[in-house]
Structures are given as C-alpha cells and as structure tokens.
Amino acid sequence: MAGLKNLLGIAELEREAILTILDQAKRFREVLDRPIPIVPALRGKTIVNLFFEPSTRTLTSFNLAASRLSAQCLNFAVAASSTKKGESILDTATNIEAMRVDGVVIRHSAAGVPHFLARRVNCFVVNAGDGRHEHPTQALLDGFTLIEHLGTLEGKKVLIVGDIAHSRVARSAIICLNKLGARVAVCGPPTLLPADIAELGCEVFYYLDRILYEVDVIHMLRLQAERMTANTIPSLREYRLLYGLTRERLKKIKPETVITHPGPVNWGVEMDYDVRELPQTLIMNQVKNGVAVRMAVLYLLALGRGILNEEAG
Ligand code: CP
C-alpha cells in the first residue's frame, strides 16, 4: 500500500483508521454468514503465526481469517523450533521472512517485540499481544461487537473491571473505545490498578457497586496470574465478593447493559456461570467477530491499503 505499515497498537491508530478496519470487518462479517464463507481476496499470500505464548481465540481466528481470505497460513511451532537451541527472535523472524512470507502475526510475553521486529523485517507485522502492553485486534473486535449491538459507542459508558495492571486488553480497549467516542471507566483493587491509568483516558473506581449499575457496557477481565510477581489480592473468594459479576450483582444491573469478556474466563472468579446464559452477554459474538476483524486487518495490510498513520510503522 502507499506506505505499507503494520498493526502494532491501537495507540498509533487514528480514529479514521479504526473506522476503516471496522467498515472492512463489517463486509467480511457478512461473508462469514454465507454457506461457503471464503473469498479469494488474499490468494497467493502467506501469513505466519509466531506465537510465543498460549492462545485459543487469537491464534485460531488469525488462522481462520487467513484461510477465509484464501491465504496460506502457517503456525510456527515454538516448542519444536530452533528458538529452543538459543536462536533469537530476530533470526527466527528473518529466516521465516526469507521464505517469502507476506506477514507475521506475533504474540510474545515481552512488550515491544512486535515493534522491534517491524523495524527489521520487510513483511507486515501484526501484534497479537505483547506482554502487558497492547492487544490491538482484541480491542478492535470488542469495539466492533459493541457497535454491532449498540449501534454506536458515542457517549456510551463502558466499565472495564478487574486486573487492569497486567492487562494488555485493558490498555488497548481504553484507547480504542475512547477513540470510538465511549466514556471509559475502570474498576479494580488498588493493587491491580496502575497509578497512571487515568492518563489513558478513563475514570478510576475502586468500589464496583458504586458504578456498576450506571453503565451501558461491563467489560470483565481475567486475573492474569501468569504475569503476577506478587500477591495482589487476599484470596479469590474475596476478589469474587468485591469485584465479581456475581448472581446477586446481576439482579441489579440494567437489563440493557451488555456484558463482554475477552476470554479465557475464570468462571466463578470474575463472573458467575449465570452470566453465560444472559441474552445481553456478548462473549461468543466477540469470538465470532474476531475472525471478521482479523480478516480485515490481514486484508488491509496485505493489499497495502495504508490503514495506519505515517508514524505508526
Ligand atoms: N482474548 C484472547 O487473547 O484470548 P487467547 O489468549 O485465547 O488468544
């Protein structure tokens, strides 16, 4: 594209770029409802998924997105690769690129790895989650799902609840939903709320029951135990009582308030299982829309349509 770029974070995207992706995703969402949900848009292109952290939704949906676009998609098997012999990420990526791939989708536990690679390879790079920094396609699919359900995010109150400190999903969501016109608030225990989180553009609450019943959207987060280096909550039981979407709290939310969660869900911790059955719970809509949004991202990047700002790459 004029200035082929990457998708590294929501922070680098202008609102117009986000809307371009969501518009394209809407077209692909319609494709996914066809009896044969495949288009030839990226025939001849090759995408490699380079996941150094576990994933169910993101990895599978990038795979599906590529195949629905008729691209070839390969999953790099980290555990069976030469990274286990000490090969660096840069060498891994440049070797893969030498085999003529068009794009790399990378997930890594260290923040900034996708940005590091993007400066050193010629193929496009998509950030599928880097440490606790950003998870841009998750934020895009969350925004897409909420607009699909609510019609607009302009002026809507979105509350993100839980482990904000360790969450790349929260960071990307705060930035993305703000750019889409929402009023964003976060709520969690002080130990799980970064001191500077308000600078991303959100109100901060510590008591869930003070804010829960006023909002249009409740976006629940998982406790990210794999990223915690210290005890941040007294017990899971106490966390559930103070910050969980429990059966008792569900009785008091507005019937039109929608509930989202990026997954995976720790049922019985951040949400009681009852939430799964509610008509306003959009978790499976998020998963389904994830394929369409990732199709849009791969399509726009692979065809060089210039979705990003000049400084974003
Ligand atoms: N939401 C999300 O990133 O899920 P996975 O870790 O399963 O990809």
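Note on region 54-91: residues that are open to solvent by 30 Å² or more (accessible area, probe 1.4 Å), in contact (Cβ under 8 Å) with a residue 40 or more places away in the chain and within 16 Å of the ligand (Cβ to nearest atom) total 5. Here Val104 fits the description: farther than 30 Å from Leu208 by Cβ and away from the ligand (no atom under 16 Å from the Cβ).
Given the condition modelled with pLDDT of 95 or more and under 14 Å from the mean Cα position of the chain (by Cα), answer yes or no: does some residue in region 114-126 qualify? Among the residues of region 114-126, at least one is modelled with pLDDT of 95 or more and under 14 Å from the mean Cα position of the chain (by Cα), which makes the answer yes.
When you look at Arg183, is it surrounded by fewer than 18 Cβ atoms within 10 Å (Cβ to Cβ) and in the same structural domain as Asn266 (by TED's automatic domain parsing), yes or no? Reasoning before the result, please.
Numbers: surrounded by fewer than 18 Cβ atoms within 10 Å (Cβ to Cβ): no; in the same structural domain as Asn266 (by TED's automatic domain parsing): yes.
Spelling it out, it is not the case that Arg183 is surrounded by fewer than 18 Cβ atoms within 10 Å (Cβ to Cβ) and in the same structural domain as Asn266 (by TED's automatic domain parsing).
Can you find even one residue in region 128-146 that is in contact (Cβ under 8 Å) with a residue 24 or more places away in the chain, away from the ligand (no atom under 16 Å from the Cβ) and under 25 Å from Ile253 (Cβ atoms)? No: zero hits. Count of region 113-157 residues, restricted to those that are open to solvent by less than 30 Å² (accessible area, probe 1.4 Å), charged (D, E, K, R) and closer than 21 Å to Asn289 by Cα, is 2.
Within region 97-112, the presence of at least one residue that is crowded, with 17+ Cβ neighbours inside 10 Å, over 21 Å from the mean Cα position of the chain (by Cα) and over 25 Å from Leu140 (Cα atoms) is confirmed. Quick one: in region 154-176, which of the residues that are without any contact (Cβ under 8 Å) to a residue 40 or more places away in the chain and either acidic (Asp, Glu) or touching a helix residue (DSSP H, G or I) at 6+ places or on another chain (Cβ under 6 Å) (or both) is farthest from the ligand (Cβ to nearest atom)? The qualifying residue farthest from the ligand (Cβ to nearest atom) is Glu154.
The values are calculated or read from the model by the stated rules, or taken from the named source; none is laboratory data. Keep in mind that this is a model prediction, so the values were computed, not measured. Please note: Cβ atoms are built from the backbone with ideal geometry, for glycine as well, and neighbour counts cover all protein chains shown. Note: areas computed on protein heavy atoms with side chains; ligands, DNA, RNA excluded. Shrake-Rupley method; radii C 1.70, N 1.55, O 1.52, S 1.80 Å.
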